[in-house]
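Presented below is the structure to which this report refers.
The values are calculated or read from the model by the stated rules, or taken from the named source; none is laboratory data. What you see is a predicted model, and the numbers here were worked out from it, not measured in a lab. So basically every Cβ, Gly included, is an ideal-geometry build from the backbone, and we count neighbours across all protein chains shown. SASA here: full protein model, heavy atoms, side chains in, ligands and nucleic acids out. Shrake-Rupley method; radii C 1.70, N 1.55, O 1.52, S 1.80 Å.
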Amino acid sequence: MSEQGARRVQEDDWWRQLYGEDGADGGAGAGGGGAAGDAARSGAAPAAGTPSGAGPADVGPADVGPTDVGPADAADTLDERVASVLRTVGPPGWGDRDRPPPQPTPADAPDRAAPAGEAPDRAAPPGPAPDRPVPDQLAPDRPVPDRPAPDRPAPPRGETPTGPVSPAEPPTRRVPAPPPPPSEPIPLKATGPGAPPPAPVVTYIGDRPPTYEAEPAALPAADPAALDELVPDTALEGAQYGSLTLRAASQRGDSARYRGEVRRDALLTARFGAGRHALILVAVATGRPAVEGAHRAARDACGWIGSAVGRSCTQLAEDIRADRRGDLKAGLQRLTDRSYGKLRARALERGGPPEQYTAALRCLLLPADPDCRTRVFFGVGAGGLFRLRDGAWTDLEQVATDHGASAPTPATEAPARPGPGLPHGPGLPHGPGAAEYPVRPEPFLFHAAFGRPGDALLLCSTGLAEPLRQEPAFAAHLADRWSTPEPPGLVPFLATAQVRAKGHAKDRTAVAVWEA
C-alpha cells in the first residue's frame, strides 16, 4: 500500500473518532461514503477524479489505529487531513500549502452537491480559529458555479488577483455598474415658468429655399501684391455702453458667394474718446454693383468718414448731449461732403468715372454717456433705417429724407459766404471733368431720435432693407427674434440677420442698437 493510501485511510478513521461518524451518513467523510469511500472498501479501482492507489487491502490493523496518533499530534494530523481533502476536491495545487484555507461561513459559501466522482465537502470542525494568519493565496475570489459570488473588494487597477485559478473556470471580474441616467435632462441654463421655449432654427423664409447654396462656395481672386485688400466673407462686432447694446454683422450675399466675388459691403465700428465723453461711430457702405473696385470705394468711404468724425468727436458729443440738432446736421453734412469729395478725387486719380467709384454711406453716432439716449443717423444713398417697438417695425427712411434733404451741390459752385453744406479744404476733386459731377451724388439724410427702453434701432444696407420692406414674413421673423427681453448674443444675431429669402441674394449688413 502506498504512503498516500495509508494516510487517507488514517484520516478517515480519525474523522469517525473525532466527530462520531460511522461512515453511513453518505457524505460526512472521505472514507465514510461517496464514490471514493466505496472504492476504498471494496478494493475496486477509484472513480474518475479520485486519487488512485488507496485501498483497505494495503493497510492492516497494525498500521492504523487510535494508538498511532497522540493528542499532541492532533493539530498536524488535522492539517494533513484537510490538505488531503483539498487535493481531492480542489483545483490543481490545492492541499500543497502549509496551511488550510479559511472555512467559509454558511452565508459566504453555502453547501453544494459534489460532482460525480468527487468527494463531498466536509463541514469545518468546531473550535476557535487558528492563531496563524491565513495567506491570501488560499482564499481566492472565485465564485461558486450557479450561485451568486460573495461581495469582495476588487483589486486595485493594474494588479492581478492572487490565488490559484482553475483552467476550466476563469476568474470572474467584477465591474462596477454605471450610475443610472437622470430621469430628466439637465437644463443648460436656468429656466422658469415664464421662460419662453427655445426658438426653432430658421434658415430661409418662403415656400422653398433660394436657388443658391446657403454656405460659401468660391473664394474671391487674390493679388499676391495686394493681399491687404482681401475682404473676409463675414464680419461680426458688438459692444455695450450704458443703456445701449450694439450688434453688427456684415456678410457676402448668396450671389457673390456662388460666383467667388468679393463682399462689396463695408462695416466700420469705432470708439472715440473715453468714459462718459466717448462717442461710438458705426458706418455701413455699399459699393456700386458690377463695378470693378466697388469694395475699395466702400472701404474708403467708411475710412474717410471715420477719420473726419474722430477729429471732431469732442464737439459732436457735446452737440448730441445738448440736443443741438441744427448744428449737428450742418457739421455732419460738411464732413460727409468732404468724404465724397475724396472719393471723386480718388476716381480721377485712377482714371475712372467718378460716378462709379462711389458708395452708399449710412452712419450712426451713439454717445456712451448713460444719461444721453439720443441716437443720430446720417448718410447718403440707399439702405434702411428702422425702429422696432412693441414687436412692430417702423420705417424711418422717409423721416430722415424729409429732415435732411438737400440738393446735390456742384463742386464749382461759389457761394456768397461759406455754408455748412459746401466742401472746403484739401482733398476736393480737381482736374478735367471735376465740375461735371456733384460732390454728393444723392440727398443728405439726417435723423436724431430718442431711444426709449425696449426699443431697437436697425441700420442696414440694401441687401437687408429690401426683404424687410418687401417680405412680410421676413419682417415678422426678425421682429420675433429681436423682441426678446434681453438683446441676442453675437452668434444668434448673425443667425437671424442671415436668414435668406428667395430673390434677395445681395450682400447684407445689419447694425442694431437695443435700449435697456
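Key figures for this structure:
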{"read-out": "Selected residue (criterion: modelled with the highest pLDDT) from residues of region 277-318 that are farther than 17 Å from Ala235 by Cβ, among the aliphatic types (A, V, I, L, M) and outside any helix (DSSP H, G or I)", "value": "Leu279"}
{"read-out": "Some residue of region 199-215 being β-branched (Val, Ile, Thr), under 26 Å from the mean Cα position of the chain (by Cα) and modelled with pLDDT under 80", "value": "yes"}
{"read-out": "Residues satisfying the stated conditions in region 361-375, i.e. in contact with a helix residue (DSSP H, G or I) (Cβ under 6 Å, 6 or more places away or on another chain) and either assigned to a strand (DSSP E or B) or open to solvent by 50 Å² or more (accessible area, probe 1.4 Å) (or both)", "value": "Leu361, Pro367, Thr374"}
{"read-out": "Candidate set: region 232-260, residues that are in a loop (DSSP other than H, G, I, E, B) and more than 15 Å from Lys506 (Cβ to Cβ); chosen: the one most open to solvent (accessible area, probe 1.4 Å)", "value": "Pro232"}
{"read-out": "Yes/no for Gln356 being polar (S, T, N, Q), assigned to a helix (DSSP H, G or I) and touching a residue at least 40 places away in the same chain (Cβ under 8 Å)", "value": "no"}
{"read-out": "Out of Leu494, Leu490, sole residue that is open to solvent by 40 Å² or more (accessible area, probe 1.4 Å) and modelled with pLDDT of 95 or more", "value": "Leu490"}
{"read-out": "Cross-chain or 6+ apart pairs with Cβ under 7 Å, region 329-341 first and within 23 Å of Thr374 (Cα to Cα), then open to solvent by 20 Å² or more (accessible area, probe 1.4 Å) and not in a helix (DSSP H, G or I)", "value": "Ala330/Pro420; Gly331/Ser312; Gly331/Pro420; Gln333/Pro420; Arg334/Pro420; Leu335/Ser312"}
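Residue-wise test of (1) of a type in the set (Lys, Arg); (2) at pLDDT 95 or above; (3) over 25 Å from Arg346 (Cβ atoms); (4) open to solvent by 30 Å² or more (accessible area, probe 1.4 Å).
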{"position": "Gly431", "(1), (2), (3), (4)": "no, no, no, yes"}
{"position": "Ala434", "(1), (2), (3), (4)": "no, no, no, no"}
{"position": "Pro438", "(1), (2), (3), (4)": "no, no, no, yes"}
{"position": "Pro441", "(1), (2), (3), (4)": "no, no, no, yes"}
{"position": "Gly451", "(1), (2), (3), (4)": "no, no, yes, no"}
{"position": "Ala456", "(1), (2), (3), (4)": "no, yes, yes, no"}
{"position": "Ser461", "(1), (2), (3), (4)": "no, yes, no, no"}
{"position": "Leu464", "(1), (2), (3), (4)": "no, yes, yes, no"}
{"position": "Glu471", "(1), (2), (3), (4)": "no, no, yes, yes"}
